[in-house]
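This report refers to the structure that appears directly beneath it.
The values are calculated or read from the model by the stated rules, or taken from the named source; none is laboratory data. Since this is a predicted model, take the numbers as computed values, not measurements. Heads up, the Cβs are rebuilt from the backbone with ideal geometry, glycines too, and the neighbour counts pull from every protein chain shown.
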Amino acid sequence: MPIESGNCIMCGIVGIVGKKHAEKIILSGLGRLEYRGYDSAGLFVSNDDTQHLVKSQGRIKNLEEKITKDINGTIGIGHTRWATHGKPSERNAHPQTSSDHRLVLVHNGVIENFEEIQKEYLADDHFDGETDTEIVVHLISALMAKESLSTKAAFKKALSLIRGSYAFALVDTQDKETIYVAKNKSPLLIGLGEGFNVI
Ligand code: GLU
């Protein structure tokens, strides 16, 4: 169960791979990060058969109320957002996804050159929201498609193109065993467990 490390503002991210009921651990982790401040929250969880992306504006409690019994997984990432680009809303809450919904990304921090990236690499893309984060997940997806890169290679290349502060956690929905992480200026902690790992 690797968590791959490459290279935040306040708010928080949580992720877990390799344990049942990832959703519960993520909600509890987000609760512990609540003191950092946020305007919305969201999570992604997946198991062998299903995957769910759930977001809500306002308190973590609002998110918790949406997590019904069928929403569970053995891998997942969660986020509390403090909006820097794009208003606080459910649409702009994280996780953000690629257009085909294959890639799922949470981000703490600010991408300074997201407009340049959008113009240079993503001129034809449609975006659901207004966040700098959505540009990054689209960029990773574009690099995978246009340059036939693996998820890890595309993530690393995207990191070499962006400027700013970040803690990222990325899931490729085609791989239920890996959370890719990277940090620059923002803190990110990795916990290695027996049969599971957490961030
Ligand atoms: N810049 C990102 C956004 O506005 C992330 C903000 C945060 O760190 O929560 O969505």
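So here's what we get for this one:
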| read-out | value |
| --- | --- |
| Helices (runs of 4 or more DSSP H) fully within region 82-190 counting 3 or more residues that are at pLDDT 95 or above and within 13 Å of the ligand (Cβ to nearest atom) | 132-147 |
| Close pairs from region 53-70: first closer than 15 Å to residue 39 by Cα, partner modelled with pLDDT under 95, Cβ under 7 Å, at least 6 apart | 60/34 |
| Flag for residue 4 being modelled with pLDDT of 95 or more and either away from the ligand (no atom under 16 Å from the Cβ) or within 14 Å of residue 198 (Cα to Cα) (or both) | no |
| Tally of residues being surrounded by 21 or more Cβ atoms within 10 Å (Cβ to Cβ) and of a type outside the set (A, V, I, L, M, F, W, C) across region 110-151 | 7 |
| One residue from 9, 71, 25 being in contact with a strand residue (DSSP E or B) (Cβ under 6 Å, 6 or more places away or on another chain), of a type in the set (Val, Ile, Thr), modelled with pLDDT of 95 or more and not in a helix (DSSP H, G or I) | 71 |
